[in-house]
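Only one structure is covered here, and it is reproduced in the block below.
The numbers here are math on the coordinates, done by the rules we state, and not lab data. These numbers were taken from a predicted model, which means no experiment stands behind them. Reconstructed Cβ throughout: ideal geometry from the backbone, glycine too, with neighbour counts over all protein chains shown.
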Amino acid sequence: MANIFNHRKVVKNIINIISLATPLSRASVLLGSVVFLWLFPTNKLQFLPIRSVYKMLFNISPYSTGMIRGLSKLLHGDFYGAYTMNNLSYLVLLVILLLIIRDVYYLARTKDFRI
């Protein structure tokens, strides 16, 4: 019986982390995403199987097309390549960095490390 409650607690913690409900989960997920994009080679991203679901299904090019590749190029220092992939990648990176800074400041000030 205790094993069932342990699984429920693990599932609840995973859902809380994925939902970005707390400053710790937001900072962890966003910082982990930025580090992953910084470490992953940008030239490997063009070989992903699906580039844009909306473009493939509806032939509509949404604003988010090329965002991951643009962020990756931006983190690798290719500013022109990031602009050609998606010119909004600069704004998205700024918002991500501001959210990380805000959450880390909150965590340092309050010492509230709940998931």
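See the values below:
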| item | result |
| --- | --- |
| Filtered trypsin sites (Lys or Arg not before Pro), the stretch 48-115: DSSP coil and at most 11 other beta carbons within 10 Å | LYS111, ARG114 |
| Spin-label model distance (nm) - SER64 vs LEU39, 7 Å beyond Cα toward Cβ | 2.4 nm |
| Contact order normalised by residue count of the stretch 2-110, Cα under 8 Å, 6+ apart, percent | 26 percent |
| Longest DSSP-loop-exposure-free segment, chymotrypsin sites (Phe, Trp or Tyr not before Pro), the chain, at most 11 other Cβ within 10 Å | 1-62 |
| Distance between modelled label sites at VAL29 and ALA108, nm, 7 Å Cα→Cβ extension | 2.4 nm |
| LYS12/LEU99 FRET efficiency (R0 25 Å; Cβ-Cβ; nearest 0.05) | 0.60 |
| Largest-first principal axis extents, alpha carbons of the chain, Å | 52, 35, 24 |
| Cβ-based exposure ranking for SER28, SER61, SER72, in which fewest neighbours within 10 Å come first | SER61, SER28, SER72 |
| Computed [θ] at 222 nm, deg cm²/dmol, the chain (DSSP H ≥ 4; -39,500 (n - 2.57); rounded to nearest 500) | -22000 deg cm²/dmol |
| Nearby lysines by direct alpha-carbon distance to LYS73 (threshold 30 angstrom, same-chain neighbours under 8 apart not counted) | LYS44, LYS55 |
